[in-house]
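**Student:** Got a structure here, written out as structure tokens. Questions coming.
Coordinate-derived values only; no laboratory data. Not measured: the values here are computed from a predicted model. Ideal geometry is used to build each Cβ from the backbone, glycine not excepted, and the neighbour counts take in all protein chains shown.
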Amino acid sequence: MKNLITSALIYANGEVHLGHLVEYIQTDIFTRANNLIGNKSIYLSADDTHGTPIQIKAESLKITPEELIKKAYNDHVETLKKFNINFATYHSTNSEENREIAYMIYENLKNNGYIYTKEVEITYCEHCKRFLPDRYVKGICPRCNAPDQYGDNCEHCNATYEPIDLIEPYCIICGNKPILKKSEQIFFKLSAFSDKLKDYIQKITSPKDSYRNYLINWINEGLKDWEISRDAPYFGFLIPGTKDKYFYVWYDAPIGYIGTTKKYCDDNNLNWKDFWIDGKADIYHFIGKDIIYHHFLFWPAILMGAGFSLQKKIKRNFYYCKRLFKNKYWTWLFKNLLCKLTFIFNKWFQLFRLWFY
Ligand SMILES: [Zn+2]
Ligand SMILES: [Zn+2]
């Protein structure tokens with residue numbers, strides 16, 4: 001196998017939208033083109049299924065998170081099939097394969113000295129009697145002052161931060177102001193990778209890439225260690241050795257690339273370690289601009305720390321039109337029109353193939 005190619009995983013709290021389609025069709029074309037010129041390639045992707053947005057949506061629909069992600073999975077697979085996107089495997093991060101790899105990476109990171117625990121203050125709602133991680137709390141962005149931003153990141157300026165950094169925070173369930181409560185959390189020593197990440201970014205990006213300096217600046221400003229645990233109740237994988245702590249969704253989401261590779265390999269009598277530990281294939285990630293931080297910093301640092309192979313190339317897409325993506329009518333129109341065109345094109349392509357071969 002020459003290439004292992006992935007698209008950013010689709011989050012299970014909504015439908016496939018225009019942005020996904022643009023990225024998935026691009027990735028599919030890239031994979032098919034590679035296969036046509038003899039570079040044997042596989043295209044893998046999965047649903048990203050954990051975290052507070054899933055919990056909140058499931059609670060609002062009065063169903064379990066498992067029911068919600070199952071429904072989303074069926075819907076995503078059906079939509080992507082209509083566009084003739086040719087996956088080797090389309091899987092889910094809420095799978096046994098993903099749990100196994102997430103635990104293995106955690107053990108490796110721990111053994112290599114990159115995991116530590118620290119007592120921190122966390123937003124807690126006295127009225128709801130629960131911790132308020134990530135999306136359970138909203139407030140003003142500490143970086144750009146945009147109102148009504150979630151506790152994990154700002155949709156306006158893309159900054160990532162902790163819920164306690166929000167200005168004028170409030171609980172999204174009851175609207176009350178949360179208090180700060182002490183809790184022991186697990187951290188990944190991201191700061192230990194500053195120099196290695198700088199070398200890596202310089203190697204895989206070109207000076208022409210606009211985001212190169214952006215990333216280097218981030219590192220120069222000083223990388224903060226990354227909190228990878230969340231207190232119960234949380235929808236995700238329980239952290240080994242704890243009773244009530246779960247992996248933060250952004251820890252096990254990219255591991256979904258490896259979990260999906262394992263699923264593909266198990267089904268095809270191959271070994272996933274050939275791809276992710278022994279580096280026998282080139283790894284390509286197609287991603288959107290909004291997740292650069294995670295894919296160029298967190299993800300490679302986790303892989304380096306656990307002794308895994310690094311991705312060779314990260315292909316970044318642009319937002320084609322952010323507002324258009326969010327408009328249901330345009331998404332519906334685009335999906336339906338493009339779906340018909342794909343169907344017609346595919347028929348013509350098959351005719352051409354008959355003609356030439
Ligand atoms: Zn902001
Ligand atoms: Zn509350």
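**Student:** So what's the angle, to the nearest 10 degrees on a 0 to 90 scale, between helix 96-111 and the longest Cα principal axis of the chain?
**Tutor:** 60
**Student:** Additional query: Is there a pair in Lys82/Lys280; Lys182/Lys224; Lys57/Lys224; Lys71/Lys262; Lys118/Lys203; Lys196/Lys243 whose C-alpha atoms are over 26 Å apart, and which pairs would that be?
**Tutor:** Check vs 26 Å cut-off fails for Lys82/Lys280; Lys57/Lys224; Lys118/Lys203; Lys196/Lys243.
**Student:** Quick one: the Cα spread of the range 156-305 along its three principal axes, in angstroms, biggest first?
**Tutor:** 52, 41, 26
**Student:** Using the charge dipole of the range 115-188 (Lys, Arg: +1 at Cβ; Asp, Glu: -1 at Cβ; taken about the Cα centre), state which of Pro163, Ser183, Pro147 has its Cα farthest towards the positive end.
**Tutor:** Ser183
**Student:** Which angle between 0 and 90 degrees, to the nearest 10, do you get for helix 194-204 versus the longest principal axis of the chain when only C-alpha atoms count?
**Tutor:** 20
**Student:** Under a point-charge model restricted to the Cβ atoms of Lys and Arg (+1) and Asp and Glu (-1), what is the dipole moment magnitude of the chain relative to its Cα centre, in debye to the nearest 20?
**Tutor:** Dipole magnitude for the chain comes out near 1160 debye.
**Student:** Mind grabbing the base-10 log of I(q)/I(0) for the range 115-188 at q = 0.11, 0.12, 0.13 Å⁻¹? Debye formula, identical points on the C-alpha positions, no solvent, two decimal places.
**Tutor:** Log10 I(q)/I(0), no solvent term: -0.26, -0.31, -0.36.
**Student:** May I ask which residue of Leu270, Trp218, Gly256 lies farthest towards the positive end of the charge dipole of the range 203-291, with charges of +1 (Lys, Arg) and -1 (Asp, Glu) on Cβ and the Cα centre as origin?
**Tutor:** The listed residue farthest towards the positive side: Trp218.
**Student:** Now for a separate question. Could you order peptides 243-252, 82-91 by the average number of other Cβ atoms within 10 Å of their residues, highest first?
**Tutor:** Result, highest mean Cβ count within 10 Å first: 243-252, 82-91.
**Student:** To the nearest Å, what is the center-to-center distance of the range 245-305 and the range 69-128, using C-alpha atoms only?
**Tutor:** Taking the Cα centre of the range 69-128 as reference, the centre of the range 245-305 is 11 Å away.
**Student:** Multiply the residue separation of Val120 and Asp290 by 0.36 nm, subtract the distance between their alpha-carbon atoms, and state the gained length in nm to one decimal.
**Tutor:** Gain in length upon complete extension: 58.5 nm.
**Student:** If the chain were replaced by its equivalent ellipsoid, with semi-axes equal to the square roots of 5 times the Cα gyration tensor eigenvalues, what would those be, largest first, whole Å?
**Tutor:** 34, 25, 20
**Student:** I've got another one for you. Measure nothing fancy, just the Cα-based angle from helix 249-267's long axis to the longest principal axis of the chain, in degrees from 0 to 90, nearest 10.
**Tutor:** 40
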